[in-house]
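The next block holds one structure in the form of structure tokens; read it before the comments.
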Amino acid sequence: MEKSILITGGAGFIGSHVVRLFVNKYPDYRIVNLDCLTYAGNLENLADLEDKKNYHFAKVDILEEMALEKVFNDYQITDVIHLAAESHVDRSITDPLAFVKTNVLGTVNLLNAAKTFWKNLEGHLFYHVSTDEVYGSLPEDGYFLETTPYDPQSPYSASKASSDHFVRAYANTYGLRTVISNCSNNYGPNQFPEKLIPLVIHNIKNHKSLPVYGKGENVRDWLYVEDHAVAIDLVFHRGKLNHTYNIGGFNEWKNIDIVKLLCKLMDQKLNREPGASEKLITFVKDRAGHDLRYAIDAGKIHKELGWKPSVTFEQGIEKTIDWYLKNEDWLESVTSGDYQKYYQQHYG
Ligand code: NAD
Ligand code: DAU
């Protein structure tokens, strides 16, 4: 095998798209998906890869040092792409410690495992997939650059900022070869329906209310998940050592506008009266410490690596709605806990 890449969090939303891209595009690489399968991890996301010779799965928690060591040994890991994390801001507000454990301690465990296993660091790469939320909140103008000072505002973003700092500290202190990318909001197939876009699609379908936090004035920059996976592939192969790359969609939306757009498109798809779904919009109590606006300047990855999004928002949102409407079983399974039965049948 040319490379043996450990992808953590591969059963989750973004990780599953990254694993699929690498397994299919690089048959000479061994791809090891390491995931402990929290509520957000789901091997059905990768059912099409089960028979691929270069794909392997390890059910391991990144907090388990010995188990990590074993995976590095068993698969002779040459590189890491680290996505495993607690990823939902609202959950970080109710249970910050879970975020410290997985995102901070888990990342440090993984860094230690890599540093120990790769006695000679030459040729290896530790890639940390991170978020634009580490930069804090923007006013109505301006963009996050790679040089923007860190200013995390939620327990989630504080934990991701901390893990980014540890990755840089391991590069500086031990000479670990690293790269980090900080991306804006992703959307697309396989996203757990606690995040805004799949939640709204799911609720419209089921005639349930659509909770909009505060006045819905907060702005996010949305990127189709497969375009993020392509950017990760480029940064992994061609990114400059120990550099950071911002990844974004050039696609800012106020939450209320995105919810109204989804209502309009879903009315058309479901043959409902125009305006029917908008009646479900309910303004609810704002998220505590809610960041006003995120917007990425993705000029560096564009100039250095030639990356830009290939899917327009119109195309991406259409694909996403179609996927959720076609995959009712997936939605039912991840929201009801039936997924555990699937896991038992396939993995014992
Ligand atoms: P997700 O919640 O969908 O998936 C996370 C995956 O990590 C799951 O499969 C889960 O089982 C696994 N996991 C969690 N804790 C683990 C542990 N202790 N050990 C092993 N596996 C564990 O997350 P996502 O939205 O796909 O995000 C993936 C990564 O990308 C995260 O690091 C996140 O911070 C980052 N990110 C996400 C977005 C976004 O919009 N979703 C944007 C930028 C960056
Ligand atoms: O910017 C990148 C980040 O994007 C990632 O690092 C996170 O992992 C990912 O979860 C996402 O964080 P957000 O908090 O921006 O995403 P979420 O889908 O939870 O919310 C998007 C916006 O919609 C946010 O302003 C809060 C609002 N919202 C969210 C939910 C779930 C609502 O108004 N109502 C809701 O029910």
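The values are calculated or read from the model by the stated rules, or taken from the named source; none is laboratory data. Keep in mind that what you see is a predicted model, and the values were worked out from it rather than measured. Ideal geometry is used to build each Cβ from the backbone, glycine not excepted, and the neighbour counts take in all protein chains shown. Note: areas computed on protein heavy atoms with side chains; ligands, DNA, RNA excluded. Shrake-Rupley method; radii C 1.70, N 1.55, O 1.52, S 1.80 Å.
Just want the answer: with Cβ charges of +1 for Lys and Arg and -1 for Asp and Glu, which residue in 290, 310, 265 is farthest toward the dipole's positive end in the stretch 253-341?
290
Of the GluC sites (Glu not before Pro) in the stretch 1-96, which ones lie in a loop per DSSP and count no more than 13 other C-beta atoms within 10 Å?
Sites meeting the loop and neighbour criteria: 2, 50.
Rounded, prolate or oblate: pick one for the stretch 1-79, where a ≥ b ≥ c are the square roots of the eigenvalues of its C-alpha gyration tensor, a/c under 1.5 means rounded, and failing that, prolate if a/b is larger than b/c, else oblate.
oblate
List every residue whose amide H lies under 5 Å from the amide H of residue 186, counting only residues 5 or more places away in sequence or on a different chain, with H placed 1.01 Å from N in the peptide plane.
For residue 186, the qualifying residues are 223.
Could you work out how far the C-alpha centroid of the stretch 164-198 sits from that of the stretch 78-147, in angstrom?
5
Could you work out [θ]222 nm for the chain from helices alone, using -39500 (n - 2.57) per DSSP H run of at least four and dividing by all its residues? Round to the nearest 500 deg cm²/dmol.
-12500 deg cm²/dmol
State whether the stretch 198-348 is rounded, prolate or oblate according to the following rule on the C-alpha gyration tensor (a ≥ b ≥ c being the square roots of its eigenvalues): a/c under 1.5 gives rounded; otherwise a/b larger than b/c gives prolate, and the remaining case gives oblate.
oblate
For a test of the definition: using alpha carbon positions, the gyration tensor, and the 1.5 limit on a/c, classify the chain as rounded, prolate or oblate.
The shape class here is prolate.
Under a cut-off of 12 Å between alpha-carbon atoms, report the aspartates and glutamates in cross-link reach of residue 319, not counting same-chain residues fewer than 8 places apart.
Partners within reach: 226.
Cut-off 10 angstrom, C-alpha nodes, Gaussian network model of the chain. Which of 182, 203, 73 fluctuates the most?
It is 73.
Which residue, 168, 238, 293, tops the fluctuation ranking in a GNM of the chain built on C-alpha contacts under 10 Å?
238
Highest GNM mean-square fluctuation, the chain, Cα pairs closer than 10 Å: which of 248, 188, 275?
Result for the chain, Cα springs under 10 Å: 275 fluctuates most.
Dipole of the chain (Lys/Arg Cβ +1, Asp/Glu Cβ -1, origin at the Cα centre): which of 198, 155, 111 lies farthest to the positive side?
Going by the charge dipole, the pick is 111.
Which of the lysines could be linked to residue 303 by a straight reach, that is with a Cα gap under 23 Å, when you skip same-chain ones fewer than 8 residues away?
240
At 1.4 Å probe size, what's the solvent-accessible area of residue 281? Round to the nearest 10 Å².
Accessible surface of residue 281 is approximately 30 Å².
As a test question: what accessible area, to the nearest 10 Å², does residue 87 have when a 1.4 Å probe is rolled over all protein chains in place?
50
Which length gain, in nm to one decimal place, applies between residue 206 and residue 240 when the Cα-Cα distance is subtracted from 0.36 nm times their residue separation?
7.6 nm
When the Kirkwood hydrodynamic radius is evaluated over all pairs of different C-alpha atoms of the stretch 119-199, what value in angstrom, to one decimal, is obtained?
14.6
I'd like the chymotrypsin sites (Phe, Trp or Tyr not before Pro) in the stretch 58-106 restricted to DSSP loop residues with at most 15 other Cβ atoms within 10 Å, sorted by number.
Passing sites in the stretch 58-106 do not exist.
Based on alpha-carbon positions alone, could you give the equivalent ellipsoid semi-axes of the stretch 75-139 from the gyration tensor, as √(5λ), descending, whole Å?
For the stretch 75-139, the semi-axes come out at 28, 14, 9 Å.
Work out how much length residue 286 to residue 73 would gain on full extension: take 0.36 nm times their residue separation and subtract the Cα-Cα distance, in nm to one decimal.
72.0 nm
Under a 1.4 Å probe, what is the accessible area of the chain per residue, stated in Å²?
Per residue, the chain has an accessible area of 44 Å².
Please state the relative contact order of the stretch 194-348 as a whole percent: Cα pairs under 8 Å, 6+ residues apart?
33
At R0 = 35 Å, how high is the FRET efficiency between residue 51 and residue 93 if r is their beta carbon distance? Nearest 0.05 is fine.
0.30
Using the structure shown, list the pairs from 101/326; 52/205; 195/300 with a Cα-Cα distance above 31 Å, or answer none.
101/326; 52/205
Computing the accessible area with a 1.4 Å probe over protein heavy atoms, can you report the carbon and sulfur percentage for the chain?
The nonpolar share, carbon plus sulfur, comes to 51 percent.
Please give the net charge around residue 175, taking every other residue with its beta carbon less than 14 angstrom from that of residue 175, where Lys and Arg add +1 and Asp and Glu add -1.
+3
Which sequence of 183, 36 reflects their accessible areas, 1.4 Å probe, from the largest down?
Sorted by accessible area, descending: 36, 183.
With +1 on each Lys and Arg Cβ and -1 on each Asp and Glu Cβ, and nothing else charged, work out how big the dipole of the chain is about its Cα centre, in Debye to the nearest 20.
180
Of the trypsin sites (Lys or Arg not before Pro) in the stretch 18-52, which ones lie in a loop per DSSP and count no more than 10 other C-beta atoms within 10 Å?
Of the trypsin sites (Lys or Arg not before Pro), not one in the loops of the stretch 18-52 has a Cβ with at most 10 other Cβ atoms within 10 Å.
Using θ = phi - 60° and the Karplus form 6.51 cos²θ - 1.76 cosθ + 1.60, what ³J(HN,Hα) does each residue of the stretch 67-84 get, whole Hz, x for Gly and Pro?
Along the stretch 67-84, the couplings run 5, 5, 4, 5, 5, 4, 6, 4, 9, 6, 5, 9, 8, 10, 10, 9, 10, 4 Hz.
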